[in-house]
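The values are calculated or read from the model by the stated rules, or taken from the named source; none is laboratory data. Everything quoted here is computed from the prediction, not taken from an experiment. In this analysis, Cβ positions are derived from the backbone assuming ideal geometry, glycine residues included, and neighbour counts consider all displayed protein chains. These area figures cover heavy atoms from the full protein model, side chains too; ligands, DNA and RNA do not enter into them. Shrake-Rupley method; radii C 1.70, N 1.55, O 1.52, S 1.80 Å.
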Amino acid sequence: MELFYDVKKIRSQFPALNRKVNGNPAIYLDGPGGTQVPKRVVDKMTDYLFYHNANAHGHFATSRECDALHEAARETMADFLNCYAEEIVFGDSSTTNNLMLTFALARNMKAGDEVIITDLDHESNRSPWRHMEERGFVIKSVKVNPDTCQLDLNDYREKLTDKTKIVALNWASNGVGTITDIKPLIDGAHNKGALTIIDAVHYAPHRPIDVKALDIDFLVCSPYKFFGPHMGVLYGKAEELKKLETYRVLVEGNTQPPEKLETGTPQFESICGSAEAVEFIADIGHDCEAWAEREHSETLAGLKGRRWYIVAGMLAIEEYEEPMAKKLRKALMQMDKVKVFGPPEGEPRTSTVSFLIEGLRAGEVARAMGDQGIFVWSGHYYAKELINEVLNLKSVGGLVRIGLAPYNTEEEIDRTIEVIKEIASKA
Ligand SMILES: Cc1ncc(COP(=O)(O)O)c(C=O)c1O
């Protein structure tokens, strides 16, 4: 592998990676559930709490600093998604942001209006609209092909009608890693006059995002999936945010975007930490500048400043993770009793690899791996429709999910392969 990416330097920034379990070095393959956090992110949060901690909009030093940090974080997150700072909303989580958004959008909808969700999505992007069935909205869920774990695009086209008001889509599946080419689906929705809500929670840690290029109306992502603290970020197109009739405490003054969606006192320390997580990605871009200029000049053409480095950093992460994911999939596919789930080789997917071992429940495999210091998730990870219904895996406890992050190494993948081989041989 070309040395464009200094994994040792990356790893040195994550104190968690020094951990041992039963004498083995811990291998963190639980990234899709939340990545580890570099020290600089925690330092930024500590710095806020020690030296700038105050509530917003006061007439004294720390409150002014808190306001400035909040606004600076919006600028940073706007560079991450390629939008304007006023289009960035900070909230508790993507689930909460989605619920708040749904309640607000639903105020201007009526019984009979149609909403499209998908069977590929995390419940966070399905349930808010499923609850709205009680208001008479018609909720249609796009089918997934169980063999390829990809959306059935014909079914999408059939479900899209002149009555469709909202299309809520998944960009990358946290269950099996499928990446959906959302641009044609967004264009289709816009042709019918519908708004789009994109769940980019699993996509954001693996690929650069450009909300303007795709003409996305709303998008959610969660910084704790890309080296930040636990919170959610919502992008809303300026004109759509302006129109939203959000629910707020009646004494709260600010009804302007983006604060009209930030109810109560924001988590200022987490907002600072989230911005620092994006700076961490930009610094990966700095470190691989020559490589990025050489290999990705077309993608990076026209980008400036921090946005350039963020995109370069994300491209480096993708290029670093991909060969390891491929090696892992190939090894698993060659093992007796092991079945890998997800799109066919060559189709777009993230570095998340889900599998099962015949004769074992998903949780039993995850526990056996966990006992050897390999941290993976098992179950449906809230992609419940996909895993329990489409893939019909409820009886075996769902899937085992290995999620790669930029701090994982090829040696860790080799050890993971060995351990899975051993577990499968005894199954
Ligand atoms: C694809 C996807 N969407 C949404 C969510 C929910 O995000 P949050 O925990 O920020 O509510 C998750 C969390 O795992 C996810 O993976």
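Restricting to DSSP H runs of at least four residues, report the calculated mean residue ellipticity at 222 nm for the chain, -39500 (n - 2.57) per run over all residues, nearest 500 deg cm²/dmol. If you can, show how the numbers build up before the last one.
Details: 14 runs with 167 residues, N = 427.
The helix-only estimate for the chain comes to -12000 deg cm²/dmol at 222 nm.
By the scheme Lys and Arg +1, Asp and Glu -1, what is the net charge of all other residues having a beta-carbon under 15 Å from that of GLY373?
Details: positive: ARG19, LYS20, ARG367, ARG415; negative: ASP30, ASP371, GLU411, GLU412, ASP414, GLU418, GLU422.
Residues near GLY373 contribute -3 overall.
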Karplus 3J(HN,Hα) series, Hz, for the range 264-278 with 6.51 cos²θ - 1.76 cosθ + 1.60 (x for Gly, Pro)
x, 7, x, 7, 4, 5, 6, 4, 4, x, 5, 5, 5, 4, 5
Which whole-number percent is the relative contact order of the range 1-136 (Cα, under 8 Å, 6+ apart)?
11
Determine, from the Cβ-Cβ distance of GLU389 and ALA16 and an R0 of 51 Å, the FRET efficiency 1/(1 + (r/R0)^6), rounded to the nearest 0.05.
0.90
So how much slack lies between GLU411 and LEU250, counting 0.36 nm per residue of separation and subtracting their Cα-Cα distance, in nm?
52.4 nm
At q = 0.10 Å⁻¹, what base-10 log of I(q)/I(0) does the Debye formula yield for the chain when every alpha carbon is treated as an equal point scatterer in vacuo?
-0.71
What does the charge count around LYS183 come to, taking other residues whose C-beta lies under 14 Å from its C-beta (Lys +1, Arg +1, Asp -1, Glu -1)?
-3
Mean-square fluctuation maximum in Gaussian network of the chain, Cα pairs under 10 Å, restricted to THR46, THR164, THR352, hits THR46
Label model pair PHE103, LYS9: point-to-point distance (7 angstrom along the Cα→beta-carbon line) in nm is 4.5
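Would you mind putting 377-387, 321-331 in packing order, based on average other-beta-carbon counts within 10 Å, highest first? Spell out each step's value before the answer.
Values: 377-387: 23.3, 321-331: 17.5.
Descending mean neighbour count gives 377-387, 321-331.
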Quick shape summary for the range 81-199, equivalent ellipsoid via Cα gyration tensor, semi-axes whole Å in descending order, reads 20, 19, 15
About its Cα centre, what dipole magnitude does the range 220-312 give when the only charges are +1 on Lys and Arg Cβ and -1 on Asp and Glu Cβ, stated in debye to the nearest 20?
340
For the range 93-165 and the range 388-427, what is the centre-to-centre distance using only Cα atoms, to the nearest Å?
30
Two-site label geometry, GLU134 and ASP187: point separation in nm, points 7 Å out along Cα→Cβ:
4.0
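In debye, nearest 20, what is the charge dipole magnitude of the chain about its Cα centre with +1 on Lys and Arg Cβ and -1 on Asp and Glu Cβ, if you could check? Present the calculation step by step, with values, prior to reporting the outcome.
Working: 50 positive and 64 negative charges, 176 e Å.
It comes to approximately 840 debye.
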If you count only protein heavy atoms and use a 1.4 Å probe, how large is the accessible surface of SER127, to the nearest 10 Å²?
30
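Return the carbon/sulfur percentage of the accessible area of the chain, one whole number, probe 1.4 Å, all protein chains in place. Let's see the in-between values first.
Values: 9100 of 18070 Å².
Result for the chain: 50 percent of the exposed heavy-atom area is carbon or sulfur.
Pairs of Cα atoms under 8 Å, at least six residues apart: use those to get the relative contact order of the range 42-278, whole percent. Walk me through the numbers before you get to the answer.
Details: 437 pairs, mean separation 62.0, N = 237.
This gives 26 percent for the range 42-278.
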Average accessible area per residue (Å²) across the range 42-278 - probe 1.4 Å, nucleic acids and ligands excluded
39
Along the range 191-201, Karplus-curve 3J(HN,Hα) (6.51, -1.76, 1.60; θ = phi - 60°) to the nearest Hz, with x for Gly and Pro, reads 4, 9, x, 8, 8, 10, 10, 10, 8, 10, 4
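Counting Lys and Arg as +1 and Asp and Glu as -1, each charge on the Cβ, what is the dipole of the range 42-278 about the Cα centre in debye, to the nearest 20?
Details: 24 positive and 36 negative charges, 122 e Å.
Magnitude of the dipole: close to 580 debye.
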Long-range alpha-carbon pairs in the range 1-91, meaning those over 23 Å apart, account in percent for 49
Cα extents of the range 78-142 per principal axis, largest first, Å, are 38, 27, 20
How big is the gap, in Å, between the Cα center of the range 347-370 and the Cα center of the range 256-326?
29
Over the residues of the range 42-278, compute the C-alpha Rg and express it relative to 2.2 N^0.38 Å.
1.03
Taking the simple approach of a point 7 Å from Cα along Cα-to-Cβ for both ASP215 and LYS339, what is their distance in nm?
4.1
What are the ³J(HN,Hα) couplings of the range 392-403, residue after residue, when phi is run through the Karplus curve with 6.51, -1.76, 1.60 and θ = phi - 60°? Round to Hz, x for glycine and proline.
6, 10, 4, 5, 9, x, x, 10, 9, 10, 9, x
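Enter the accessible area per residue of the range 364-427 (Å², integer; probe 1.4 Å; all protein chains in place).
Values: 2680 Å² over 64 residues.
Here the residues of the range 364-427 average 42 Å² of exposed surface.
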